[in-house]
Amino acid sequence: MARIRAVLRRHIPIMPDETVAMGGLELSPTSHRVTAGGAAVELGRRSFVCLHFFMTHGERVYSRTQLLDQVWGTQVFVEERTVDVHIRRLRAALEPVGHG
C-alpha cells in the first residue's frame, strides 16, 4: 500500500509557488491562503487546488474528465460528479465575499 500511495503522490499535479491575482481574488500557493478584498477565504485542500487551476487556466472551458485529470491527477479513481461537489463548495466559500 505504501508503494501505491508513493506512486500516486508522484502523479498529483504540483502548483507553482507564484501568487495568483484575478478579479479581486488573491491566491498564494506557498501559504495556502486565499483573500478577497483583504478578507480571508477558507477553502479545503481540493477546492483550493480547483480555484488555483481556474485562476491560471481561465482561457477555456474544461470537461469534468479534464478537470479530474488536471486537478486530481491521472492516477486517481474518483467519480466525475466529484468535480461538481468541489465546485459547489468553492462557490459557497466565495459567495459571501462577492465572488460566487
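The values are calculated or read from the model by the stated rules, or taken from the named source; none is laboratory data. What you see is a predicted model; the values in this text were computed from it and never measured. Only protein heavy atoms, including side chains, enter the accessible area calculation; ligands, DNA and RNA are left aside. Shrake-Rupley method; radii C 1.70, N 1.55, O 1.52, S 1.80 Å.
On the protein heavy atoms, probe 1.4 angstrom, tell me the percent of accessible surface of the chain carried by carbon and sulfur. Carbon and sulfur together cover 52 percent of it. At a threshold of 8 angstrom on Cα-Cα distance, excluding pairs fewer than six apart, so keeping six or more, what relative contact order does the chain reach in percent? So the answer I get is 27 percent.
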